[in-house]
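Okay, so here's the structure we're looking at.
The values are calculated or read from the model by the stated rules, or taken from the named source; none is laboratory data. Note that the coordinates shown come from a computational prediction; the quantities given were computed from them, not determined experimentally. Backbone-built Cβ (ideal geometry, glycine too); neighbour counts: all protein chains shown.
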Amino acid sequence: MPANKPYVIGLTGSTGSGKTEAARYLEALGAARFDADAASRAVTAPGGAALPAIRACFGDGVFRPDGTLDRAALAGIVFHSTPHRRALEGIIHPLVQRMLLEKMDAAAAAGTRMVILDVPLLFECGMDALCDETWALYCSRDLQISRIVARDGITREAAGARIDSMMSTEARNARATHAINTDQPMEKTRQTLQQLYRAAERRAG
């Protein structure tokens, strides 16, 4: 491994799995965190690079009168239609990956030691190839749905549709270096994360 290459941990998990809290904790332990969701929001923000292609693919109905993206309207389409979801991913994923790669290049140039690549669709979009190891967070479906409902204010049925639109927990966990159950209390999850992170630091050298 080149001396200036960061050690990259790919962090993934379905919506409602507790991934965001885990990523923040790992950032507090000293890792640089590169967030795919933040990059996705950036490319779909006003003036974002993804907006022209989204309008061409989905029409004016997913935009508000002021020209901003109506995320709820778009979600109502893509979480219930696999072809539409794949079309949206085909627009957004290349732009997000480019942003994350630029951040990783900058981290290498700056001598950053540890990077958390925080990507919900890590395996689906092939970004696990950039990682030295991968961690998948998961919890029971009922807890997952409850978390999504509380966070987003949607129905349990809509929350279930979002979960079902993603890779299954079993498939994700099978591909990950480590699978971390977040059904346990937050403090216990943090202990697990800290142990895994310190071990990764030792491997990074």
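Numerical summary
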| quantity | calculated |
| --- | --- |
| Extreme residue, surrounded by the most Cβ atoms within 10 Å (Cβ to Cβ), among residues of the range 77-120 that are of a type in the set (D, E, K, R) and not in a helix (DSSP H, G or I) | Asp118 |
| From Arg162, Arg113, residue being touching a helix residue (DSSP H, G or I) at 6+ places or on another chain (Cβ under 7 Å), over 30 Å from Gly76 (Cα atoms) and among the charged types (D, E, K, R) | Arg113 |
| Of residues in the range 88-115 being in contact with a strand residue (DSSP E or B) (Cβ under 7 Å, 6 or more places away or on another chain) and under 12 Å from Leu130 (Cβ atoms), the one modelled with the highest pLDDT | Val115 |
| Residue within the range 122-139 that is in contact with a Ser or Thr (Cβ under 8 Å, 6 or more places away or on another chain), among the charged types (D, E, K, R) and part of a strand (DSSP E or B) present | yes |
| Extreme residue, surrounded by the most Cβ atoms within 10 Å (Cβ to Cβ), among residues of the range 170-188 that are of a type in the set (Val, Ile, Thr) and touching a helix residue (DSSP H, G or I) at 6+ places or on another chain (Cβ under 8 Å) | Thr182 |
| Where a residue in the range 64-92 is under 15 Å from Met167 (Cα atoms) and its partner, wherever it lies, is surrounded by 13 or more Cβ atoms within 10 Å (Cβ to Cβ) and among the β-branched types (Val, Ile, Thr), with Cβ under 7 Å and at least six apart | Arg85/Val78 |
| Pro65 modelled with pLDDT of 90 or more and either under 27 Å from Lys188 (Cβ atoms) or in a helix (DSSP H, G or I) (or both) | no |
| Residue ID - nearest to Phe34 (Cα to Cα), chosen from residues in the range 99-150 that are under 16 Å from the mean Cα position of the chain (by Cα) and among the polar types (S, T, N, Q) | Thr134 |
| Among the residues listed as Ala150, Ala136, the single one being without any contact (Cβ under 8 Å) to a residue 12 or more places away in the chain, over 20 Å from Ser81 (Cβ atoms) and either among the hydrophobic types (A, V, I, L, M, F, W, C) or surrounded by 15 or more Cβ atoms within 10 Å (Cβ to Cβ) (or both) | Ala150 |
| Which listed residue is over 25 Å from Cys139 (Cα atoms), outside any helix (DSSP H, G or I) and at pLDDT 95 or above, from Ala56, Ala49 | Ala49 |
| Selected residue [over 11 Å from Val8 (Cβ atoms) and either without any contact (Cβ under 8 Å) to a residue 24 or more places away in the chain or not hydroxyl-bearing (Ser, Thr, Tyr) (or both)] from Cys125, Cys131 | Cys125 |
